[in-house]
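Worksheet for the structure shown next.
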């Protein structure tokens, strides 16, 4: 019962921000998923083609973090749950989803103030989802308030250093933490 109630609250919270996420993806991120280029000479002369659209496509996972006075600014992935079903990291390790839209809310928890769009193919390639990689980086799984729920906090700076972030909008705090120009 506890987990169903918590799950329902989390789903309601996510659905509340879904329109805003779609709007941001449409206005700010599509150029990283869809590329339009001029055709080559053969395509122009023989195929009546002037522009070629390359759609990288794929599926997008999303996560929104509520505002916290502690300014948590990491990329957390659930690694264990009370119900023992496949966790988020299990699904991502299997190759589900190609992109991850990860966002943080403003102080009022009303609007997205920062986000990163992460290329999960790069994340998998680097090995961020592998426990052996966590050991080399001294990352530790952490527990939250829900029984048996664990997660791995992956520093956003590590994602940035390995070119896993393809687009971002940062508030002042996150920009300073990452030493990136404030937008």
Is the shape of segment 88-137 best called rounded, prolate or oblate, per the rule: a/c under 1.5 gives rounded, else a/b larger than b/c gives prolate, else oblate, with a ≥ b ≥ c the square roots of the Cα gyration tensor eigenvalues?
prolate
Cα centroid of segment 86-100 to Cα centroid of segment 111-159, whole Å
12 Å
Counting only DSSP beta bridges with both partners in segment 71-183, the antiparallel fraction in percent, to the nearest 5, comes to 100 percent
Once segment 32-82 is represented by equal point scatterers at the alpha-carbon sites, with solvent omitted, what log10 I(q)/I(0) does the Debye formula produce at q = 0.27, 0.30 Å⁻¹?
-1.03, -1.10
DSSP-defined beta bridges in segment 1-120 - what % are antiparallel, rounded to 5
65 percent
Across bins of 10 angstrom width beginning at 0, how are the C-alpha pair distances of segment 26-130 distributed, in whole percent?
12, 32, 29, 15, 8, 3, 0
Provide the FRET efficiency to the nearest 0.05 for the residue 9-residue 96 pair, computing r from the beta carbons and using R0 = 30 Å.
0.80
I need the P(r) histogram for segment 73-164: all alpha carbon pairs, bin width 10 Å from 0 out to the longest distance, whole percents.
15, 46, 34, 5
Relative contact order (%) - segment 2-178, alpha-carbon pairs under 8 angstrom, separation at least six:
21 percent
Once label points are set 7 Å from the Cα along Cα→Cβ at both residue 36 and residue 150, what is their separation, rounded to one decimal in nm?
4.8 nm
Averaging over all projection directions, find the projected area of the Cα convex hull of the chain and quote it in nm² with one decimal place.
13.2 nm²
For a protection proxy built on the mean count of beta-carbon atoms within 10 angstrom, sort 29-40, 57-68 highest first, please.
57-68, 29-40
Which value in nm describes the separation of the simple spin-label points at residue 85 and residue 126, placed 7 Å from the Cα toward the beta carbon?
2.9 nm
With the crude spin-label approximation of a point 7 Å out along Cα→Cβ, what separation in nm comes out for residue 54 versus residue 109?
4.3 nm
Place the peptides 131-139, 77-85 in order of packing, highest mean first, counting for every residue the other Cβ atoms within 10 Å and averaging per peptide.
77-85, 131-139
Sort 94-105, 112-123 by the packing proxy (mean of other Cβ within 10 Å over each peptide's residues), most packed first.
112-123, 94-105
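Where a number appears in this text, it was derived from the coordinates with a stated rule and is not lab data. Computed from a predicted model, the values in this text were never measured in an experiment. We place every Cβ from the backbone using ideal geometry, glycine too, and count neighbours over all the protein chains shown.
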